[in-house]
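Visitor: My questions all concern the structure below.
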Amino acid sequence: MSEHLIRLTAAQLGERLASGDVSSVEATRAHLDRIAAVDGAVHAFLHVDGERALDTAADIDRRRAAGEELGPLAGVPIAIKDVLVTEGMPSTAGSRILEGWVPPYDATPVRRVREAGMVVLGKTNMDEFAMGSSTEHSAYGPTYNPWDLERIPGGSGGGSAASVAAFEAPVALGSDTGGSIRQPAHVTGTVGVKPTYGAVSRYGSIALASSLDQVGPVTRTVLDAALLQDVIAGHDPRDSTSIPEAWPSMADAVRRADVAGLRIGVVKELDSDGFQSGVRSRFHEALELLERGGAEIVEVSAPHFEYSIAAYYLILPAEASSNLAKFDSVRFGLRVTPEGGGTVEQVMGATREAGFGPEVKRRIILGTYALSAGYYDAYYGSAQKVRTLVQRDFDAAFAKVDVLATPTAPTTAFKLGEKLDDPLAMYLNDIATIPANLAGVPGISVPAGLAPEDGLPVGIQFLAPAREDARLYNVGGALERLLVEQWGGPLLDRAPDLSSHEMAAAEEGVV
Amino acid sequence: MSEINAEQVAHLANLARIALTEEEIEHLTAELGQIMQAVEKVSEVATPDVPPTSHPIPMQNVFRDDVVGDILTVEQALSGAPESDGSRFVVSAILGEEQ
């Protein structure tokens with residue numbers, strides 16, 4: 001029973017809950033049991049609050065029994081990336097500097113999932129302050145890819161992606177500044193969506209780079225992502241960059257998915273030798289399938305995309321160095337006083353030295369440099385111009401096609417430690433995902449299969465014009481249906497069985 | 001553009017209020033040099049005729065009525081502070097002895 005419940009999609013579980021077939025307490029307990037069994041090996045979670053989750057679930061069950069009208073995801077468990085603050089639940093953003101901090105309020109997306117009756121299981125691991133592509137920069141140790149525990153689950157939201165890939169949660173929330181939702185989806189065989197900038201409120205999302213950050217769904221199916229986006233998207237007066245207009249239903253877009261006549265542009269600069277062969281072959285097979293489904297495949301050029309990483313690694317550190325100034329040992333988090341005491345500035349210096357990890361220090365110093373007098377125009381100013389050029393590339397492409405397609409990332413999951421000492425190599429992971437953040441347009445990564453050479457998951461990314469998120473759900477939903485039909489079942493059915501770890505844990509008396 | 005030296009990194013660390021160790025400064029000096037060399041690529045296309053973009057979705061100023069909203073209580077606001085006196089955040093001395 002419990003094994004069956006964790007393998008349901010959120011949509012299926014929601015239906016079973018609505019029919020009274022299953023209770024939210026049963027579904028929540030099944031996921032908590034799974035977490036207890038496998039998270040010792042996967043380490044997707046930084047914090048699990050089973051008691052509160054079961055209380056919430058029991059409350060939903062009571063409300064349902066009393067005849068209350070509930071939404072499609074009411075009673076469905078969810079995991080939350082630790083970048084989103086949660087009232088009464090520790091929120092660290094993967095950093096020592098926030099260890100033990102319990103926020104007094106909920107981030108807006110968290111409030112919305114709670115209002116939708118969803119059951120928050122706990123907080124997921126991430127690279128410190130979302131800086132990274134592997135979760136290896138978490139101050140609390142890495143997350144392991146459920147497909148191969150020696151490999152990275154992607155980052156920064158590796159914990160959220162691994163939690164859904166390992167069936168510890170049906171769905172999760174993530175945040176995407178340069179690919180932190182989509183690249184983990186790519187390497188874990190899951191679905192990840194970065195909505196249009198401003199679609200989901202950033203209120204209570206611990207800011208990395210405010211002009212790039214966007215919160216979005218992390219799921220196993222396109223429909224689940226759509227249902228979750230329908231819950232979290234919408235105007236929030238607490239975020240001045242929140243888009244005021246109402247959104248169409250993304251779930252409807254998936255249910256009506258049809259690619260007949262859809263024009264799909266392949267960005268030729270991101271279909272190159274720099275991508276692993278299995279990543280490219282699965283990408284092209286997916287496009288052929290869509291073509292057979294009636295889509296028209298067109299090659300387009302985006303000549304300025306190659307400048308995206310350079311612009312990103314100026315804009316991001318500049319904004320991050322400013323955003324992270326709030327961690328000053330005064331209002332929340334760690335305080336370290338130098339031996340023999342010191343002024344408030346010396347206390348700040350000692351606190352930030354002790355509380356930040358190497359990647360965070362690297363980017364703060366880089367950002368401080370890029371913003372310093374005499375360099376501002378040459379660095380930050382030039383990067384902002386590249387941003388204009390990337391937007392123009394998108395505008396020109398979307399004048400010809402409805403959506404764009406690229407491989408989500410250059411390679412399958414690499415081994416833990418492989419790129420840790422080479423920041424520039426690590427930054428290259430985001431080559432296909434960063435342009436969307438610079439331009440504010442939405443993107444989705446959908447599983448495209450396994451790379452023949454290493455048997456690891458590969459994703460395909462679709463991008464749409466700003467505010468046209470529904471197009472992503474249309475093409476993503478259509479491709480998923482075609483692929484699952486071809487495969488004879490979801491890709492994650494082929495993921496290794498983690499039950500050997502379950503047995504080992506049982507022998508050690510953990511379960 | 002310019003080479004980065006250890007003295008500059010130490011100065012930046014001071015501006016950013018991070019008490020880096022000598023070893024960290026040495027390590028970062030080499031890394032920042034490499035990273036800056038890579039990101040200087042932006043200057044190839046950032047010509048004077050291209051306007052900068054600060055924000056991905058163009059928006060007008062956002063206003064609201066100047067009334068107190070649903071805000072944190074003093075107790076909530078102080079709940080995560082390393083030190084407080086019940087109504088205010090407590091910090092160590094602002095000025096050093098020599099100041």
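The values are calculated or read from the model by the stated rules, or taken from the named source; none is laboratory data. The model shown is predicted, which means the values in this text are computed figures rather than measured ones. Methodologically, a virtual Cβ is constructed for each residue, glycine included, from the backbone with ideal geometry; neighbour enumeration extends over all protein chains shown.
Visitor: Using the structure shown, decide if B:Ala10 is modelled with pLDDT of 95 or more, under 21 Å from A:Ser321 (Cβ atoms) and surrounded by 13 or more Cβ atoms within 10 Å (Cβ to Cβ).
Guide: On the way: modelled with pLDDT of 95 or more: yes; under 21 Å from A:Ser321 (Cβ atoms): yes; surrounded by 13 or more Cβ atoms within 10 Å (Cβ to Cβ): yes.
Yes, satisfied.
Visitor: Tell me which residues, restricted to region B:11-31, are within 7 Å of chain A (Cβ to nearest Cβ) and among the small types (Gly, Ala, Ser).
Guide: B:Ala13, B:Ala16, B:Ala19, listed by residue number.
Visitor: Name the residue, out of B:Ile94, B:Ile25, that is in contact with a helix residue (DSSP H, G or I) (Cβ under 8 Å, 6 or more places away or on another chain), part of a helix (DSSP H, G or I) and of a type in the set (A, V, I, L, M). Step through it out loud before you land on a result.
Guide: Details: B:Ile94 fails: part of a helix (DSSP H, G or I).
None of the others qualify; the one that does is B:Ile25.
Visitor: From the set of residues in region B:43-60 that are part of a loop (DSSP other than H, G, I, E, B) and over 21 Å from A:Val441 (Cα atoms), which is nearest to the other protein chains (Cβ to nearest Cβ)? Steps first, answer last, please.
Guide: Initially, region B:43-60 is screened for residues part of a loop (DSSP other than H, G, I, E, B), giving B:45-60.
In the following step, the residues that additionally are over 21 Å from A:Val441 (Cα atoms) were identified as B:45-49.
On the way: B:Val45: 6, B:Ala46: 4, B:Thr47: 8, B:Pro48: 9, B:Asp49: 9 Å.
The extreme case among them is B:Ala46.
Visitor: If a residue must be assigned to a helix (DSSP H, G or I) and at pLDDT 95 or above, how many such residues does region A:471-511 contain? Can you show your working first?
Guide: First, pick out the residues of region A:471-511 that are assigned to a helix (DSSP H, G or I): A:471-487, A:491-494, A:499-507.
Now drop any that are not at pLDDT 95 or above, which leaves A:471-487, A:491-494.
Qualifying residue count, region A:471-511: 21.
Visitor: Does any residue in region A:421-441 that is more than 15 Å from A:Gly155 (Cα to Cα) and within 11 Å of chain B (Cβ to nearest Cβ) come within less than 6 Å, Cβ to Cβ, of a residue that is at pLDDT below 95 and crowded, with 23+ Cβ neighbours inside 10 Å six or more places away or on a different chain, and which pairs are these?
Guide: Listed pairs, sorted by first residue: A:Ala439/B:Pro56; A:Gly440/B:Pro56.
Visitor: If a residue has to be closer than 24 Å to A:Arg34 by Cα and in a loop (DSSP other than H, G, I, E, B) to count, how many in region A:96-117 make the cut? Give the steps one after another, and end with the answer.
Guide: First, the residues of region A:96-117 that are closer than 24 Å to A:Arg34 by Cα: A:110, A:113-114, A:116-117.
Now drop any that are not in a loop (DSSP other than H, G, I, E, B), which leaves A:116-117.
Within region A:96-117, residues that are closer than 24 Å to A:Arg34 by Cα and in a loop (DSSP other than H, G, I, E, B) number 2.
Visitor: Still on this structure, please answer the following. Cβ contacts < 6 Å: first residue farther than 17 Å from A:Trp101 by Cβ, restricted to region B:75-95; second residue of a type in the set (S, T, N, Q) and in a loop (DSSP other than H, G, I, E, B), any location; separation 6+ or different chain. Result?
Guide: From residues that are farther than 17 Å from A:Trp101 by Cβ, the pairs are B:Ala93/A:Thr343.
Visitor: Going by what's in this entry, would A:Thr388 be described as of a type outside the set (A, V, I, L, M, F, W, C), within 7 Å of chain B (Cβ to nearest Cβ), surrounded by fewer than 22 Cβ atoms within 10 Å (Cβ to Cβ) and touching a Gly at 6+ places or on another chain (Cβ under 6 Å)? Write out each step before concluding.
Guide: Numbers: of a type outside the set (A, V, I, L, M, F, W, C): yes; within 7 Å of chain B (Cβ to nearest Cβ): yes; surrounded by fewer than 22 Cβ atoms within 10 Å (Cβ to Cβ): yes; touching a Gly at 6+ places or on another chain (Cβ under 6 Å): no.
No: the conditions fail for A:Thr388.
Visitor: May I ask you to list the residues in region A:298-314 that are closer than 25 Å to A:Pro447 by Cβ, touching a residue at least 60 places away in the same chain (Cβ under 8 Å) and surrounded by fewer than 19 Cβ atoms within 10 Å (Cβ to Cβ)?
Guide: Correct list: A:Val298 only.
Visitor: Sort out which residues of region A:71-101 are surrounded by fewer than 16 Cβ atoms within 10 Å (Cβ to Cβ) and in contact with a Gly (Cβ under 7 Å, 6 or more places away or on another chain), and write them in order of number. Full working, then the answer.
Guide: Of the residues in region A:71-101, the ones surrounded by fewer than 16 Cβ atoms within 10 Å (Cβ to Cβ) are A:88, A:99-100.
Of everything in region A:71-101, nothing turns out to be surrounded by fewer than 16 Cβ atoms within 10 Å (Cβ to Cβ) and in contact with a Gly (Cβ under 7 Å, 6 or more places away or on another chain).
Visitor: Another question, if that's okay. Can you tell me which residue is farthest from A:Asp421 (Cα to Cα) among those in region B:33-42 that are crowded, with 20+ Cβ neighbours inside 10 Å and at the interface with chain A (Cβ under 7 Å from one of its Cβ atoms)? Step through it out loud before you land on a result.
Guide: Just the residues of region B:33-42 that are crowded, with 20+ Cβ neighbours inside 10 Å, to begin with: B:35-36, B:39, B:42.
In the following step, the residues that additionally are at the interface with chain A (Cβ under 7 Å from one of its Cβ atoms) were identified as B:35, B:39, B:42.
On the way: B:Ile35: 13, B:Val39: 18, B:Val42: 24 Å.
Applying the filter and picking the extreme gives B:Val42.
Visitor: From the list B:Thr53, B:Thr21, which residue is closer than 20 Å to B:Ile4 by Cβ and under 21 Å from the mean Cα position of the chain (by Cα)?
Guide: On the way: B:Thr53 fails: closer than 20 Å to B:Ile4 by Cβ.
None of the others qualify; the one that does is B:Thr21.
Visitor: Another question, if that's okay. What helices (runs of 4 or more DSSP H) lie completely within region A:257-361 and have 3 or more residues being away from chain B (no Cβ under 14 Å) and closer than 28 Å to A:Met426 by Cβ? Can you show your working first?
Guide: On the way: elements: A:277-292, A:308-323, A:344-355.
Counting at least 3 such residues, we get A:277-292.
Visitor: Within region B:48-80, restricting attention to residues that are in contact with a Gly (Cβ under 9 Å, 6 or more places away or on another chain) and among the hydrophobic types (A, V, I, L, M, F, W, C), which residue is farthest from A:Ser210 (Cα to Cα)?
Guide: Residues of region B:48-80 in contact with a Gly (Cβ under 9 Å, 6 or more places away or on another chain): B:52, B:55-57, B:59, B:74-75, B:78, B:80.
If we keep only those that are among the hydrophobic types (A, V, I, L, M, F, W, C) as well, we get B:57, B:59, B:74, B:78.
On the way: B:Ile57: 12, B:Met59: 15, B:Val74: 27, B:Leu78: 25 Å.
The residue in question is B:Val74.
Visitor: Moving on. Filter region A:72-106 for residues that are within 14 Å of another protein chain (Cβ to nearest Cβ) and of a type in the set (A, V, I, L, M, F, W, C) and give the result.
Guide: Step one: of region A:72-106, the residues within 14 Å of another protein chain (Cβ to nearest Cβ) are A:85-93, A:95-106.
Of everything in region A:72-106, those that are within 14 Å of another protein chain (Cβ to nearest Cβ) and of a type in the set (A, V, I, L, M, F, W, C) turn out to be A:Val85, A:Met89, A:Ala93, A:Ile97, A:Leu98, A:Trp101, A:Val102.
Visitor: Tell me, which helices (runs of 4 or more DSSP H) lie completely within region A:1-95 with 2 or more residues that are within 22 Å of the chain's Cα centre (by Cα)?
Guide: On the way: elements: A:2-6, A:10-19, A:24-42, A:50-65.
By residue number, A:10-19, A:24-42.
Visitor: Continuing with this model, one more query. Is region B:7-30 home to any residue that is closer than 21 Å to A:Phe305 by Cα and not polar (S, T, N, Q)?
Guide: As a first pass, look at region B:7-30 and keep what is closer than 21 Å to A:Phe305 by Cα: none.
Checked region B:7-30: no residue is closer than 21 Å to A:Phe305 by Cα and not polar (S, T, N, Q).
Visitor: Would you please list the contacts, defined by Cβ atoms under 9 Å and residues six or more apart or on different chains, that run from a residue in region A:5-27 that is within 17 Å of A:Leu54 (Cα to Cα) to a residue that is hydroxyl-bearing (Ser, Thr, Tyr) and in a helix (DSSP H, G or I)?
Guide: Qualifying pairs under 9 Å: A:Leu17/A:Ser24; A:Ser24/A:Thr56; A:Glu26/A:Ser2.
Visitor: Given the structure, is A:Thr9 touching a Lys or Arg at 6+ places or on another chain (Cβ under 7 Å) and among the polar types (S, T, N, Q)?
Guide: Details: touching a Lys or Arg at 6+ places or on another chain (Cβ under 7 Å): yes; among the polar types (S, T, N, Q): yes.
The answer is yes for A:Thr9.
Visitor: Here's a follow-up. With the checklist (1) surrounded by fewer than 13 Cβ atoms within 10 Å (Cβ to Cβ); (2) without any contact (Cβ under 8 Å) to a residue 24 or more places away in the chain; (3) more than 7 Å from chain A (Cβ to nearest Cβ); (4) over 21 Å from the mean Cα position of the chain (by Cα) in hand, flag the one item B:Arg64 doesn't pass.
Guide: Result: B:Arg64 passes all but (3).
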